[in-house]
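Note sheet for the following structure.
The values are calculated or read from the model by the stated rules, or taken from the named source; none is laboratory data. Note that the structure is predicted; figures quoted are calculated from it, not measured. Don't worry about glycine lacking a Cβ; one is built from the backbone with ideal geometry, like all the others, and counts go over all protein chains shown. Heads up: the accessible areas ignore ligands, DNA and RNA and are worked out on the full protein's heavy atoms, side chains in. Shrake-Rupley method; radii C 1.70, N 1.55, O 1.52, S 1.80 Å.
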Amino acid sequence: MADACYNNYVKINAHTFENTEPEFVLNTVFGYDSFRPFQKKIIQSVLKGKDTLAIMPTGGGKSICYQIPALIFEGLTIVVSPLISLMQDQVQSLEASGIHSAFLNSSLSWDDYKKQVGQIRQSKVKMIYVSPEGLSTERVRDILSSPEIKISCITIDEAHCVSQWGHDFRPDYLEIGNFRLLFPEAVMIALTATATENVRQDIIRNLGLKKPEVFISSFNRENIFLEVQPKRNALDQIVNCIHRYAGESGIIYCNSRRAVDELTSTLDKMGFSVLNYHAGLADEVRAANQDKFVKDKVQIIVATIAFGMGINKPNVRFVINYDLPKSLEEYYQEIGRAGRDGISSTALLLYSPGDINKVRFFLDSSSDPCKAEKRLQGMIDFATACTCRRRILLGYFGEAYNPDKASKENCCDICSGKGIPKVDMTIPVQKLLCCIVRTQERFGSSYVIDVLSGSRQKRIIENGHNLISTWGIGTELCRDDWFQLIDLMIAAGYIIKDGEYSILQITKKGYLLLSSNEQIMLPFRKTTLTFAKASGSKEKSACSKINAEKPSVDDPAADRIITALKAWRRRKADDMNVPPYIIFGDKTMYDLAAKKPEDKTSLAQVYGIGSTKIEQFGKSILSVIEGVLVEE
């Protein structure tokens, strides 16, 4: 069959499969050869009619866990989803695989809304997406309670939103339990990527899950390299990361709208393809910016945490946290938007102890400051870690991390550098503490470092600090090294930054240290290099891993096939007005270039190509590959 337009997809409507084995549906519809960990067990639990709670990492394949049962069940599956963009993305992906589905939300015109309702009542769809707010309206409840509609499954996506322990708590989620009472025969599956024990118990209780099967997959996203850098020259650090993934998609998170706008403007003036996203923008601007990012028409999005939950974009290669997240749950959710396709990606956190007070300012107005402070402390422990960051991150979610040697070397900045050895910093520490005392604990880091370095700035001369005993005694360390030492001393609890101007003050523990003359061993790396230089060995290992996911360098035709296929994919996506990944993901492109299929039968052996996509795109794909090979 020749390529057809989007609206002419062969639909898998309300008909169930003659072969109801999950593996058959997985291969035929989605083009995958095997399930990811826990997917099959979760699917089997749902098919047996057991309420199910599944905790799986972002990019771990949660959607498959309800989509395959939905295709096998006789009736309709309701999917409760928190964002319009997420509903639209899921429906587009399903339609591209030949599965007719629908959503009911405010983005539809009244005529389109009535059309969707008609198809639902005529059993022409297998899945319907609604928001928790929409689910509580009489209109939607009346539609779904129609006698001609059978509800077989109720799916709750982003189920952590039902818990006040979760970072995205939404009160409307609490009404889902009452809705479920209207359909006592329907099985319920709750899905989320981030759930501590407290969150899991809230989900079970607030949704009214009946003796649920609980599946907790590994939280470990091995393809995401975890990196924390002291925030020194933040713009240079960001630019170096962007250059490392030249031409690839990335997200930069900031905690304030002002920071988002300023960084976006700066990167734009530097010639980068970048747009902003935050709640202060008009709805149509936010929607347009997100659409351009999802469709690969802009490379970088700078955003507040308002951005991302509805993004299913699989080819985000880097996520940068410009500011400290409020919790490890929030951090994990954000970095989880990188590498959803399984290809190597980077999560870079720029950390400054000064960010802690900024976060605490917002926590004071939270409904439970004690809970918020506990979550923040987990984030601080991760950022200031001297041991494996992945072990700390996974341990927070109750998972042990026992990697093999190869995995450990590629898991985080500390492990890839074989850890930061503790060195004797007794003399520099004494100099620092004495200088803070001699300047009467009235100045910030930059000023104290200037005094230690022997600066003759006007302010120092006017204050007479060029005459004190600690002036000019710190020339053995460069400026960045002193900043690093101050960070380490703050993390160890010897000094604090106080007030609006981050004045350095010595704690009781610091004074005891100063009077004891004990040896101080700290994980100090002399001469803090720029991000690009410090990452040299890591960059090599990361790049080699990415290359390993692509066809062999001994295959010169492969890169040309990938380039040609991406150009074809972009044209096709523009014609259909969908994101390129809806057509095929990068992983499929790499597999096509490596296997070079010659007919539709061999196309079926390629990762991520099911029967519908073979019928719709097979002829064009084979033509593109053949065209490249003929030129060889």
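Given a Förster radius of 51 Å and the C-beta distance between Ala567 and Glu74 as r, what FRET efficiency does 1/(1 + (r/R0)^6) yield to the nearest 0.05?
That gives a FRET efficiency of 0.75.
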Amide N proximity, the stretch 135-150 versus Asp172 label position 7 Å along Cα-to-Cβ, cut-off under 19 Å: 135-145
Unit charges at the beta carbon, dipole of the chain: most positive-side option, Ser256, Ala594, Gly444: Gly444
Given charges at beta-carbon only (K, R positive; D, E negative), |dipole| of the stretch 23-145 in Debye: 300
Given charges at Cβ of Lys, Arg, Asp, Glu: the stretch 61-197 dipole, positive-most of Ser136, Met87, Ile72: Ile72
Under the Karplus curve 6.51 cos²θ - 1.76 cosθ + 1.60, θ = phi - 60°, whole-Hz ³J(HN,Hα) for the stretch 170-177, x wherever Gly or Pro sits: 10, x, 4, 5, 5, 7, 5, x
Hypothetical label at Ser123: residues of the stretch 61-79 whose amide nitrogen lies under 12 Å (7 Å Cα-Cβ projection): 74-76
Virtual paramagnetic centre 7 Å along Cα→Cβ of Ser146, amide N under 11 Å, in the stretch 88-121: 114-121
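Ignoring ligands, DNA and RNA, what percent of the accessible area of the chain is carbon or sulfur (1.4 Å)?
51
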Distance (nanometres) between label positions extended 7 Å along Cα→Cβ at Ser453 and Asp261: 3.3
Computed label-point distance, nm, for sites Gln164 and Val285 using a 7 Å Cα→Cβ extension: 3.6
When each of Lys572/Lys596; Lys50/Lys210; Lys295/Lys572 is checked by Cα-Cα distance, pairs over 18 Å: Lys572/Lys596
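Please give the FRET efficiency for Gln505 paired with Phe24, using the beta carbon to beta carbon distance and R0 = 60 Å, rounded to the nearest 0.05. Mind showing how you got there, number by number?
Details: r = 67 Å, r/R0 = 1.11.
Plugging the Cβ-Cβ distance into 1/(1 + (r/R0)^6) gives 0.35.
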Value at 222 nm in deg cm²/dmol, rounded to 500, when DSSP H runs of n ≥ 4 in the chain each add -39,500 (n - 2.57): -13000 deg cm²/dmol
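Please compute the length gained on full extension between Lys211 and Asp111, using 0.36 nm multiplied by the number of residues separating them and subtracting their Cα-Cα distance.
Gain on stretching Lys211 to Asp111: 31.8 nm.
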The chain, accessible area per residue, ligands and nucleic acids excluded (1.4 Å, Å²): 43
Relative contact order %, the chain, counting alpha carbon pairs below 8 Å whose residues are six or more apart: 15
Spin-label model distance (nm) - Lys595 vs Gln440, 7 Å beyond Cα toward Cβ: 7.6
